[in-house]
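Taking it in order: structure first as structure tokens, then the write-up.
The values are calculated or read from the model by the stated rules, or taken from the named source; none is laboratory data. Values in this document were obtained by computation on a predicted structure and should not be read as measured data. Positions of Cβ are backbone-derived with ideal geometry, glycine not excepted, and every protein chain shown enters the neighbour counts. Just the protein is used for accessible areas: all its heavy atoms, side chains included, with ligands, DNA and RNA removed. Shrake-Rupley method; radii C 1.70, N 1.55, O 1.52, S 1.80 Å.
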Amino acid sequence: MKRVLAATLVVLVTVISPSITSAAGVIDEQYSLNLGVNHSDKVGVLFEESVDTLRMPTLLFGTSNSIQGKPAQALDFCTSLEDPKCNTADYVRYYALLPPCKSISEIDCIESIYAIAPGSPARIKGIFRESIPEKVENAYRADPENGLPQGSNSGVWEIPNIKHGGNTSDYVAIVSRVGAVKREGSKWVAAPSGMFNRDGDFRAAIFPTNIVKDSRYKANVAMISPQPWGNSVGIQHPSQLPFDVCAIVGNGVCAIREPFPENIQFGMVIRISKVINGWMHGRIDSPEIDYELTSYGTRIDMKGLSTRVPIVAGWVSPNDFSAEVKNKYPGNTSFTSVGGSTYPGSSGDYAMDMLGIWGKALKDTAAANPSQWIFYSLPDNDIASSSACIKASKTLAGFVTTNSTTYTATPPIYNEQTGTLDYKVASPHFLADGKVFQGKYNLYIDSKVARCIYKFSNAPISASVSVTSADGGQQSVATTVVNEQSGWLHLSAAGFTFSSPTLKVKLTQDANAVAVPVPISTPTPTPSTEPIKSVVTPTPTPAAGDDLISQKVSAPVVKKTTITCVKGKVIKKVTAVSPKCPTGYKKKA
């Protein structure tokens, strides 16, 4: 089964181009919280897209069950599921960096990365050059039949003639799979994603880079270390230089991050030995997804423009936080532990709550505004709290992208009182250069899922997007609606401001349409070998003076007709797009 999701977003307001530097001589992509003067008397924070699982080296290790509220204990690193060191484990957890595909039959690998220049549909494919580090320190034997993907090291690709802001054609492609397998008797079965952490099944990213050679860079090292609650797996960063500016780091080498070139689409094709369904989210502008269920699992072809996402970060005095804040979060030492820093992440209620607190201390201003290209799957436990219609979907139910610093990664919440799908975002009001930050939001949802949520029939539907500020007022924003195309409904908003607005998506249908819920169960897919081309739908541009607060673009109205049917003395009128008389009735002339 193969499905294509595509849309072109036309920004309907003038969007101010952000500065690419956060400080003199330091580009946004190389911002580091650890640069600068001593901060031993302050507390620090960094709100940025979490790339922890992208920096993790490949590894496999056994754990015990958590007992009486105590966390699971790490047992040892393993070389396979049959390794005696892990053979008695309750769970075996893995972090797997996927390698380039070496053959058409290989799975859990990166099939290709590519770029598409403006005005040309041709893909300029990347050429894999080298892995960093060269050696996989904690190598293990894959077992995809039991839910264990292969793991390797990430590496550098060259995309010919596509130079980025660092004036080279080098790009790092990283795809990490995170998960666990659970022992059930003598067998292993895949555990739900997100069981041990907040990560989905996979994360995928492209970074423009330059290769920097310096002996002070060291490869990250996995180790099992004792903690107050027991043994835990941790990652040491032995580099003597800030490693967080590197997309990947090895012994004596750093692939340092650079800005994306503008107006260039980037893409990645990955093969995964699992059916990826549910929900995805990410940092890609005007994305297009070619999603295919295959005999081995899922093939995903994602492409789109990079997008700039503000980083909120810095060091402040513990006195900048009120007693009320400290009392509200009594177990949170990040407000008081001087010399330390915290990383709340970028998605979820906690991240947005923390941004509201730290943002005030940091004057509601971003520290940097780097370009990003990254997307993820949502963990199973986040899907569990979503609409029953989304949980019932056997394929990809939807995908959301935004340039907001923090956001709700889960599917939008259906608000029964307003009849809207609500989605929260939170960002600083100002960029580092003092300009007002303007947001973008794209929602793609399976048409069957949307109809199921609203109990709509197959008749055409209309949609609108509005933005409500934290104080309850509506913002005047540019909105775009792309109606159903290839089984997807696309809605977007652009030009709204922050700090914490709520985006509301409203779907409506002709009152005369019969409200019959649309089943969303999907038959077992048949592997497809023929490609399906993406269909790009132009976005309509409103005329001058149009109301952009909640612009509505309706699907074409389908004309219905009425006929009279006769059976003996019984007369019935039938109204439909293509009306037909019931069995035994004849159409009256």
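Using a 1.4 angstrom probe on the protein heavy atoms only, line up Thr298, Thr79 by accessible area, largest first.
On the way: Thr298 0, Thr79 75 Å².
From most accessible down to least: Thr79, Thr298.
Suppose every K and R has +1 on its Cβ and every D and E has -1 on its Cβ; what is the size of the dipole of region 230-334 about the Cα centre, in Debye to the nearest 20? Let's see the in-between values first.
Working: 9 positive and 10 negative charges, 61 e Å.
Dipole about the Cα centre, nearest 20: 300 debye.
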Ordered by number, the GluC sites (Glu not before Pro) in region 107-210 that occupy a DSSP loop and have at most 16 other Cβ atoms within 10 Å are Glu134, Glu137
Restricting to aspartates and glutamates and to Cα separations under 18 Å from Lys506, and discarding same-chain partners fewer than 8 apart, the set is Glu416, Asp422, Asp446, Glu484, Asp547
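Keeping all protein chains in place and using 1.4 angstrom, which order do Asp301, Asp471, Asp382 fall into by accessible surface area, from largest down? Before the final figure, lay out the partial values.
Details: Asp301 10, Asp471 130, Asp382 50 Å².
Ranked from most to least accessible, the order is Asp471, Asp382, Asp301.
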Expected field for Val245, accessible surface area in Å² at 1.4 Å probe radius, rounded to 10, holds 10 Å²
Expressed in square angstrom to the nearest 10, the accessible area of Ser341 with a 1.4 Å probe stands at 50 Å²
Set Lys85/Lys274; Lys135/Lys218; Lys440/Lys504, cut-off 20 Å on Cα-Cα distance; pairs above it are Lys85/Lys274
Counting only protein heavy atoms and leaving out ligands, DNA and RNA, the solvent-accessible surface of Trp229 at a 1.4 Å probe, in Å² to the nearest 10, equals 120 Å²
In Å, the Kirkwood hydrodynamic radius from C-alpha pairs for region 177-325 sits at 19.6 Å
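What does the charge count around Phe266 come to, taking other residues whose C-beta lies under 14 Å from its C-beta (Lys +1, Arg +1, Asp -1, Glu -1)?
Working: positive: Arg123, Lys125, Lys163, Arg283, Lys303; negative: Glu158, Asp170, Glu258, Glu262, Asp285, Glu288, Asp301.
Result for the neighbourhood of Phe266: -2.
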The computed P(r) of region 293-410 puts the percent of Cα pairs beyond 20 Å at 56 percent
Per region 225-286, sqrt(5λ) over the Cα gyration tensor eigenvalues, sorted largest first, in Å, gives 31, 24, 12
